[in-house]
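Scroll down for the structure; my scribbles are underneath it.
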Amino acid sequence: MKNSRIAFIVFFLAVFVVAANAEPKRRNDSGRLLNGQVVNHNGTPLADSVVYLTNMRTRVVKSYIVSADGAYHFPALTPNVDYEVYAQYKGLKSETKTLSQFDDRPVVSINLKIDMR
């Protein structure tokens with residue numbers, strides 16, 4: 001009986017030590033990447049559009065002036081935060097899109113359309 005108690009205690013301690021040393025599952029430390037393209041209703045890229053990205057936790061806004069091909073990118077985004085993104089071009093605005101913290105893809109593409117009609 002005494003040996004079985006000792007065996008149980010040793011087993012319990014071994015499980016505890018393994019569990020205590022296990023690292024929690026983490027996402028990539030480099031963060032997430034949001035990219036996309038700003039286009040008009042015909043799908044033509046809108047160069048010089050400005051894309052605004054809002055961190056919904058801190059309310060900090062980042063902006064990006066798109067290249068000639070309408071492309072934008074925001075690297076190293078915090079994985080457990082929601083973001084809102086929209087574009088503006090010559091006083092016109094796209095719909096606001098949300099990048100959810102529950103979307104666990106490391107790279108997310110969101111195209112933004114501005115209706116120029």
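The values are calculated or read from the model by the stated rules, or taken from the named source; none is laboratory data. Just so it is clear, the structure is predicted and the values come from calculations on it, not from any experiment. Ideal geometry is used to build each Cβ from the backbone, glycine not excepted, and the neighbour counts take in all protein chains shown.
Scanning the stretch 82-91 turns up no residue that is in a strand (DSSP E or B) and in contact (Cβ under 8 Å) with a residue 60 or more places away in the chain.
For the stretch 4-27, the condition holds for no residue, the condition being that it is under 28 Å from Arg117 (Cβ atoms), at pLDDT below 95 and assigned to a loop (DSSP other than H, G, I, E, B). Against the list (1) surrounded by 14 or more Cβ atoms within 10 Å (Cβ to Cβ); (2) within 16 Å of the chain's Cα centre (by Cα); (3) of a type in the set (A, V, I, L, M), the condition Val60 fails is (1).
Suppose we keep only residues that are in contact with a Lys or Arg (Cβ under 6 Å, 6 or more places away or on another chain) and either in a strand (DSSP E or B) or closer than 13 Å to Val107 by Cα (or both) within the stretch 67-81. Which one would you say is modelled with the lowest pLDDT?
Pro79
Among the residues examined, Leu46 qualifies as over 20 Å from Val107 (Cβ atoms), surrounded by 13 or more Cβ atoms within 10 Å (Cβ to Cβ) and at pLDDT 95 or above.
Take Ala76 and decide whether it is touching a residue at least 40 places away in the same chain (Cβ under 8 Å) and touching a Phe, Trp or Tyr at 6+ places or on another chain (Cβ under 9 Å).
Here the answer is no, as Ala76 does not meet what is asked.
Within the bounds of the stretch 22-43, is there any residue that is without any contact (Cβ under 8 Å) to a residue 40 or more places away in the chain and either surrounded by 14 or more Cβ atoms within 10 Å (Cβ to Cβ) or touching a helix residue (DSSP H, G or I) at 6+ places or on another chain (Cβ under 9 Å) (or both)? No, because not a single residue in the stretch 22-43 is without any contact (Cβ under 8 Å) to a residue 40 or more places away in the chain and either surrounded by 14 or more Cβ atoms within 10 Å (Cβ to Cβ) or touching a helix residue (DSSP H, G or I) at 6+ places or on another chain (Cβ under 9 Å) (or both). Scanning the stretch 80-89 turns up at least one residue that is closer than 11 Å to Val50 by Cβ, surrounded by 12 or more Cβ atoms within 10 Å (Cβ to Cβ) and among the aromatic types (Phe, Trp, Tyr).
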